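The values are calculated or read from the model by the stated rules, or taken from the named source; none is laboratory data. Quick caveat, the model's predicted, so the values are computed rather than measured. All Cβ positions, even for glycine, are placed from backbone atoms using ideal geometry, and neighbour counts span all protein chains on display. Protein only, heavy atoms only, side chains kept; ligands, DNA and RNA dropped before computing areas. Shrake-Rupley method; radii C 1.70, N 1.55, O 1.52, S 1.80 Å.
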Amino acid sequence: MAKQDDIFKNVISHAKEYGYIFPSSEIYDGLSAVYDYAQNGVELKRNIREYWWKSMVQMHENIVGIDASIFMHPTTWKASGHVDAFNDPLIDNKDSKKRYRADVLIEDYCEKLYQKAQKEIEKAKKRFGESFDEEQFVATNPRVVEYLAKKKEILERMARGLDSGDLADVKALIEELEIADPETGSKNWTEVRQFNLMFGTKLGASADSAMDLYLRPETAQGIFVNFLNVQKTGRMKIPFGIAQTGKAFRNEIVARQFIFRMREFEQMEMQFFVKPGEEMKYYEYWKATRHKWHLSLGMGAENYRFHDHEKLAHYANAATDIEFNFPFGFKELEGIHSRTDFDLKAHEKFSGKKLQFFDNETNTSYVPYVVETSVGLDRMFLSIFSKSLQEETLEDGSTRTVLKLPAVLAPTKATILPLVKKDGLPEIAKEIIEDLKWDFNVAYDEKDAVGRRYRRADALGTPFCITVDHQTLEDKTVTIRHRDTMKQDRVAIADLKNIINEEVSIKNWLKKMM
Ligand code: GAP
């Protein structure tokens, strides 16, 4: 556990030291669960957004994008159910005065049961070697069966309590499982209460005429209310999707995990409108497609897993999370939800306007069903950044810190270094920059010995270092050093663009999905 904590602390301090993420308004001691993206962070974030947008919108003929406002008519949130049901169950510890989400405490307990089962499986795998039949072992080993059955039973009971509003039973469950405050070990809990996560604000100048508004807690509703506008003006045929990226706001009860759970964050969402009855087919399709998208970034298949929901949100008939192995364990990275016709029907009811698709072939109108994919941009950032940050021991026994970001996402693609600050080498380096900067984000570095400059670029996650030396003056070649292998090649300046492009182009990375 201590090791996980150390890794996470290291991620946070590296993000600050190398200009990726700063605490918001830090000179005033920061603001809880609010962060600013710094000069390198903003580029990484922009590249992740672009990678998503390319694969989601531009690579699909039947998906278009929009950019809806953060402010929406307040009735939107009544219709969507957020006013009445967008709550988290909170519980306070009377001794430590710390506040927790009751469902998260229970889920963390269940995760420990799951980990115990995994340990048994791993042990057996080692013992039986090649002949190991995992499926049979999971179905028959008494300990594994017991751990997994207990986990299921607990989660089902929690879901029943939360769905029916029986919060007393949720508290009873916490007490029966003897769940303690993770920070202090105290088991002295208050009752469980519901807490609405939406931030309120006001629109208008004078206090009496001002209108109560909410900051949107998800971007999805901007898509639902625009469904017919987009369908008609884009002459879209079912099935089709509408995508957008943008800020969302939640007054999170517990927000102690850096950019994992923020109060202001960014979502990348896509609503896919389908014929009623076909939603499960598309739900499975998007599950598989989104999984492949994550895998294309090369963070390791073992670091992703699906978690099907026991407790469904008020709008869903099926839901799963793609979880990622963050420094603090497997947690939700992306949600895939079959949202039925809940939202469009609710907006029809509250607005009095029809939100239906007219099917020319059957001459009938219907309210489409929706399959949604929703991934947090900040969580994507954290998943990639934390897994990429590595300490390596080199052959000579020295160590290096290297941020092995997927080259397609790296903020700076290449650093250009003159070997010395004289003999015309800086001038050539700058000429190279002038040429490359039309296609890539590149940087110049002439300070310190070249080895230190390489280390700096490694820690920043820059995939290439291009060094201009005296041979360059003679034959217009440079060395190109690859961040991950540290291998150096002598290449012609004229070939640099192609070499870099091969490694950083979105096309080459997205092709891995196919
Ligand atoms: N429209 C559906 C929706 O909003 P969600 O599961 O509540 O579903 C979707 O959120 C994704 O948004 C999550 O999987 C997560 O990546 C991201 N997210 C949610 N709350 C967040 C928070 N407080 N901070 C950062 N990301 C968050």
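Could you list all residues from the stretch 388-407 that are β-branched (Val, Ile, Thr) and open to solvent by 10 Å² or more (accessible area, probe 1.4 Å)?
Selection gives Thr393, Thr399, Thr401.
Which of the residues spanning the stretch 406-419 are more than 29 Å from the chain's Cα centre (by Cα) and either closer than 15 Å to Lys497 by Cα or without any contact (Cβ under 8 Å) to a residue 40 or more places away in the chain (or both)?
Once the filter is applied, which keeps residues that are more than 29 Å from the chain's Cα centre (by Cα) and either closer than 15 Å to Lys497 by Cα or without any contact (Cβ under 8 Å) to a residue 40 or more places away in the chain (or both), the stretch 406-419 yields only Ile416.
Got a sec? Which of Ile121, Ile66 is in contact (Cβ under 8 Å) with a residue 60 or more places away in the chain, of a type outside the set (D, E, K, R) and either farther than 30 Å from Ala139 by Cβ or out of contact with any Cys (no Cβ under 6 Å at 6 or more places or on another chain) (or both)?
Step by step, each of Ile121, Ile66 is checked, and only Ile66 is in contact (Cβ under 8 Å) with a residue 60 or more places away in the chain, of a type outside the set (D, E, K, R) and either farther than 30 Å from Ala139 by Cβ or out of contact with any Cys (no Cβ under 6 Å at 6 or more places or on another chain) (or both).
Provide a single number: the residues in the stretch 203-253 that are touching a strand residue (DSSP E or B) at 6+ places or on another chain (Cβ under 8 Å) and modelled with pLDDT of 95 or more.
29
Which strands (runs of 3 or more DSSP E) does the stretch 294-364 wholly contain that include 2 or more residues that are within 11 Å of the ligand (Cβ to nearest atom) and under 24 Å from Glu50 (Cβ atoms)?
318-326, 329-340
Go through the stretch 189-235 and report how many residues are open to solvent by 60 Å² or more (accessible area, probe 1.4 Å), under 30 Å from Asp169 (Cβ atoms) and assigned to a loop (DSSP other than H, G, I, E, B).
Of the residues in the stretch 189-235, 1 are open to solvent by 60 Å² or more (accessible area, probe 1.4 Å), under 30 Å from Asp169 (Cβ atoms) and assigned to a loop (DSSP other than H, G, I, E, B).
Criterion first (within 16 Å of the ligand (Cβ to nearest atom) and touching a helix residue (DSSP H, G or I) at 6+ places or on another chain (Cβ under 9 Å)) does Val83 satisfy it?
Against the criterion (within 16 Å of the ligand (Cβ to nearest atom) and touching a helix residue (DSSP H, G or I) at 6+ places or on another chain (Cβ under 9 Å)), Val83 qualifies.
Test each condition in (1) surrounded by fewer than 18 Cβ atoms within 10 Å (Cβ to Cβ); (2) more than 11 Å from the ligand (Cβ to nearest atom); (3) under 20 Å from the mean Cα position of the chain (by Cα) for Ala243 and report the one that comes out false.
Failed condition: (1).
For Gly30, state whether it is out of contact with any helix residue (DSSP H, G or I) (no Cβ under 6 Å at 6 or more places or on another chain), open to solvent by less than 30 Å² (accessible area, probe 1.4 Å) and part of a helix (DSSP H, G or I).
no
Does Glu334 count as within 29 Å of Ala346 (Cα to Cα), at pLDDT 95 or above and either open to solvent by less than 60 Å² (accessible area, probe 1.4 Å) or of a type outside the set (Phe, Trp, Tyr) (or both)?
Against the criterion (within 29 Å of Ala346 (Cα to Cα), at pLDDT 95 or above and either open to solvent by less than 60 Å² (accessible area, probe 1.4 Å) or of a type outside the set (Phe, Trp, Tyr) (or both)), Glu334 qualifies.
State yes or no: is Ser186 part of a loop (DSSP other than H, G, I, E, B) and without any contact (Cβ under 8 Å) to a residue 12 or more places away in the chain?
no
Would you please name the residue that is farthest from Thr401 (Cα to Cα), looking only at residues in the stretch 365-376 that are of a type in the set (A, V, I, L, M, F, W, C) and more than 8 Å from the ligand (Cβ to nearest atom)?
Checking each candidate, the answer is Val367.
Of the residues Ser388, Ser398, which is among the polar types (S, T, N, Q), within 22 Å of Tyr454 (Cβ to Cβ) and under 28 Å from the mean Cα position of the chain (by Cα)?
Being among the polar types (S, T, N, Q), within 22 Å of Tyr454 (Cβ to Cβ) and under 28 Å from the mean Cα position of the chain (by Cα) holds for just one of Ser388, Ser398, which is Ser388.
Being more than 10 Å from the ligand (Cβ to nearest atom), modelled with pLDDT of 95 or more, closer than 28 Å to Met59 by Cα and open to solvent by less than 40 Å² (accessible area, probe 1.4 Å) is the requirement here; does Phe265 meet it?
So Phe265 fails the test.
Taking the condition in contact with a Leu (Cβ under 9 Å, 6 or more places away or on another chain), open to solvent by less than 40 Å² (accessible area, probe 1.4 Å) and within 16 Å of the ligand (Cβ to nearest atom), does Phe385 pass?
Taking the combined requirement at face value, the residue satisfies it.
A quick yes/no check of all residues on (1) over 20 Å from Pro239 (Cβ atoms); (2) of a type in the set (Lys, Arg); (3) open to solvent by less than 40 Å² (accessible area, probe 1.4 Å):
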residue	(1), (2), (3)
Phe324	yes, no, yes
Lys354	no, yes, no
Thr362	no, no, no
Pro368	no, no, yes
Val371	no, no, yes
Ser374	no, no, yes
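Are any residues in the stretch 438-482 touching a helix residue (DSSP H, G or I) at 6+ places or on another chain (Cβ under 9 Å) and more than 23 Å from Leu405 (Cβ to Cβ), and if so, which ones?
Glu446, Val468, Asp469, His470, Thr472, Leu473, Lys476, Thr477
For the condition closer than 21 Å to Leu405 by Cβ, part of a helix (DSSP H, G or I) and in contact (Cβ under 8 Å) with a residue 12 or more places away in the chain, what is the one hit in Lys45, Lys78, Lys116?
Selected residue: Lys45, the only one of Lys45, Lys78, Lys116 that is closer than 21 Å to Leu405 by Cβ, part of a helix (DSSP H, G or I) and in contact (Cβ under 8 Å) with a residue 12 or more places away in the chain.
So if I check each of Val57, Val64, Val34, which one is among the β-branched types (Val, Ile, Thr) and under 24 Å from Val504 (Cα atoms)?
The conditions single out Val57.
Thr233 fails exactly one of the following numbered conditions: (1) more than 16 Å from the ligand (Cβ to nearest atom); (2) among the polar types (S, T, N, Q); (3) within 30 Å of Lys354 (Cβ to Cβ); (4) touching a Ser or Thr at 6+ places or on another chain (Cβ under 8 Å). What is the number of that condition?
(4)
Could you check, for the stretch 394-401, whether at least one of its residues is within 30 Å of Ala288 (Cβ to Cβ), away from the ligand (no atom under 14 Å from the Cβ) and modelled with pLDDT of 95 or more?
No: zero hits.
Could you list, in sequence order, all residues of the stretch 443-462 that are within 19 Å of His14 (Cβ to Cβ) and either assigned to a helix (DSSP H, G or I) or touching a residue at least 60 places away in the same chain (Cβ under 8 Å) (or both)?
Arg452, Arg453, Tyr454, Arg455, Arg456, Ala457, Asp458, Ala459, Leu460, Gly461
Might you let me know whether the stretch 279-291 holds any residue that is touching an Asp or Glu at 6+ places or on another chain (Cβ under 8 Å), more than 11 Å from the ligand (Cβ to nearest atom) and open to solvent by 50 Å² or more (accessible area, probe 1.4 Å)?
Within the stretch 279-291, not a single residue is touching an Asp or Glu at 6+ places or on another chain (Cβ under 8 Å), more than 11 Å from the ligand (Cβ to nearest atom) and open to solvent by 50 Å² or more (accessible area, probe 1.4 Å).
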